Structure formats: C-alpha cells, structure tokens
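Take a look at the structure set out below.
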Amino acid sequence: MQNYKDLLVWSKSHELVLEVYRLTKDFPKEETFGLVSQLRRAAVSIPTNIAEGSGRFTQKDFASFLQISLGSCQEVEYLVFLAIELKLITETDFELINKLIGENKAMLIALIKKVRL
C-alpha cells in the first residue's frame, strides 16, 4: 500500500482532469448532460482508480485498478476526438490535451508492467 499522491502518474492524471474541466466549461448547454458529463466522469475515473488501487494490499489488485484507469484514458481520448470533430474545442486545445492523454497512457502502461512483474 502506498500514498497515491506520491505517484507521478496520479499527479499527471489529476492535471488531465483539471484540463478537461477547463475545456468543457464553455461547451454548449445542450452538451451538459451528454458529452460534458461523460468526458468529465471518464477523466475523473483515471486518478480515482489510481488512488483506490494504491490502497489495495496486493500488486495484482493495484494492477487491475491501473488497467481500469488506462481504459478510462482511452475513453477520454475518444471523447476529445469527438469534441474536435464537433468543433467544440480548438486545434490548440486538442493538441494540448492529446499530449496529456498520451503521457498518461504511457505512464500507466509502464506502471502496469512494473507492478505485474
């Protein structure tokens, strides 16, 4: 069991959540219960599962929660792609958040591999 706040991947995923909230605050009102809600929930799921998994007593359990985080990261990636396709975010914001998503995915994959050894 470890303190999730000491994990760089948790810090990066928290940064991603803050960015998702910043990006979605100006989405059209009709998206509040659709894309905004889904995107925010998926983003919040990433650091939440890291935090929950870090409180487990086995590495196997921790790895399972990390995999859920990775799945949520994939979901965020698609929803951000949808947002750019719908012209709800700028190309600059898309590139910024996509970079954060890529960093999160790489860190999660590396940690999953390390924990599974």
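Taken together, the values in this text are just the output of simple stated rules run on the coordinates, not laboratory data. Quantities reported herein were computed from a predicted structural model and do not represent experimental measurements. FYI the Cβ positions are ideal-geometry reconstructions off the backbone, even for glycines, and counts take in every protein chain you see.
A few points about this structure:
- A simple packing score, the average count of other Cβ atoms within 10 Å per residue, orders the peptides 24-30, 92-98 as 92-98, 24-30, with the highest score first.
- In sequence order, calculated HN-Hα J values of the range 4-13 (Karplus, 6.51, -1.76, 1.60; Hz; x Gly/Pro): 4, 5, 7, 8, 4, 5, 5, 4, 5, 6
- The chain: C-alpha gyration tensor shape, a/c 1.5 cut-off, then a/b vs b/c: prolate
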